[in-house]
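The values are calculated or read from the model by the stated rules, or taken from the named source; none is laboratory data. These numbers come from a predicted model, not from an experiment. Cβ placement follows ideal geometry from the backbone for every residue including glycine, while neighbour counts extend to all protein chains displayed.
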Amino acid sequence: MSQVAHALGTGVPPEANVILKSMPHPVILVDRESRIEYVNDSAEEFFAASSAMLLGHRLSEVVAFGSPVLALIEQVFERGVSVNEYGVEIGTPRIGDRQVDIQVTPLAEYPGHVLLLLQVRTMAQKMDRQLTHRGAARSVTGMAAILAHEIKNPLSGIRGAAQLLELSGSPDDKTLTRLICEETDRICKLVDRMEVFSDERPVPREPVNIHLVLGHVKQLATTGFARGIRIVEEYDPSLPPVLGDKDQLIQVFLNLVKNAAEAIGNPDGEIVLTTAYRPGVRLSMPGSRDRVSLPLEICVIDDGPGVADDLMEHLFDPFVTTKSSGTGLGLALVAKIIGDHGGIIECESLPRRTIFRVLLPMHTGATANHN
């Protein structure tokens, strides 16, 4: 056993070794020749092989021929930085083909070694949810077209009749006719919002400074719905431009900040806006071997009570809301816009810390240099 494997295995304090061995995700240590030097219990289960069978063998002998994980390891050795890749196929004769997320991290204390963390469930399921969100948005598209014709036109007649009645009605009747007008206007606005889903035109995209977008959103929030709530900005100042539509991105983050403010529900809370460059984040697209780079990460974080577990799976579906007066279209629209931009959105929620994370492609022109 090498010095590094010893440090990760028997050389660490017993409680730390217990934690490492009991991690639910496979952890694998390999050297410069991709020789396996350490595996935890989850890795043994993942590969359906004991540590005695795995240790000392090259990873290329364990995974399928041509597996992209080998290229990722080589990339980490060359660049010396961690790399995350989502939707990677790993297969062996024992386990068959499995799709995982991989994080490959160099060990600064032990040159010539990298640590692999495999996550079997996360991003693949997130992609499924993203496709479900987009499919749900498309189902609303047809519904919106029907509603526009079958509801808005009759509502116009109802509103016109109510206005005529108001002219000759008593004060009590006028109160009721005004209520009819207000409710028909409210329903028309709801249908108008749904009609946004029927717009299938390509998004006109150009380089957008996301910090200007977030600054505008913060200004609107602090003078309106988030008055009194502390909004903290933690930005990467060298972030390259987003490839997107400025107005639609403002709509996205205005919705997310508004949701955060409503979740907090009092002026003592805090919303944190963060941006970061994640060069190792790539996404496998369904039905294609292409991997799309999504290096721009924008987060909206609040210290509210969090999202209920039973809502998490359906958070971006239309008509899902916990608000008594909500329509449940805000986050569905956010998911559609982000999807139209070629990005993804995900949510992590704990009490006092809910994170809405948006990953977007960057503009790759001359203005998108990032060192």
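Listing for the model above:
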item	result
Test: residue in region 275-286 that is at pLDDT 85 or above and either crowded, with 19+ Cβ neighbours inside 10 Å or touching a Gly at 6+ places or on another chain (Cβ under 8 Å) (or both)	yes
Some residue of region 81-97 being touching a helix residue (DSSP H, G or I) at 6+ places or on another chain (Cβ under 7 Å), at pLDDT below 80 and not in a strand (DSSP E or B)	yes
Hits in region 189-219 (condition: crowded, with 16+ Cβ neighbours inside 10 Å and modelled with pLDDT of 75 or more)	ARG205, PRO207, VAL208, ILE210, HIS211, VAL213, LEU214, VAL217, LYS218
From the options GLY224, GLY228, residue that is in contact with a Ser or Thr (Cβ under 9 Å, 6 or more places away or on another chain) and outside any helix (DSSP H, G or I)	GLY228
Tally of residues being buried (at least 22 other Cβ atoms within 10 Å of the Cβ) and assigned to a strand (DSSP E or B) across region 336-353	2
Residue identified as farther than 27 Å from ASP317 by Cα, at pLDDT 65 or above and surrounded by 18 or more Cβ atoms within 10 Å (Cβ to Cβ) among LEU116, LEU179, LEU107	LEU116
In region 42-59, the residues that are touching a helix residue (DSSP H, G or I) at 6+ places or on another chain (Cβ under 9 Å) and under 17 Å from VAL100 (Cα atoms)	SER42, ALA43, GLU44, PHE47, LEU59
When residues of region 237-253 are limited to those that are part of a loop (DSSP other than H, G, I, E, B) and touching a residue at least 60 places away in the same chain (Cβ under 8 Å), the one surrounded by the fewest Cβ atoms within 10 Å (Cβ to Cβ)	SER238
Which numbered condition PHE65 misses (of (1) more than 22 Å from LEU294 (Cβ to Cβ); (2) at pLDDT 85 or above)	(2)
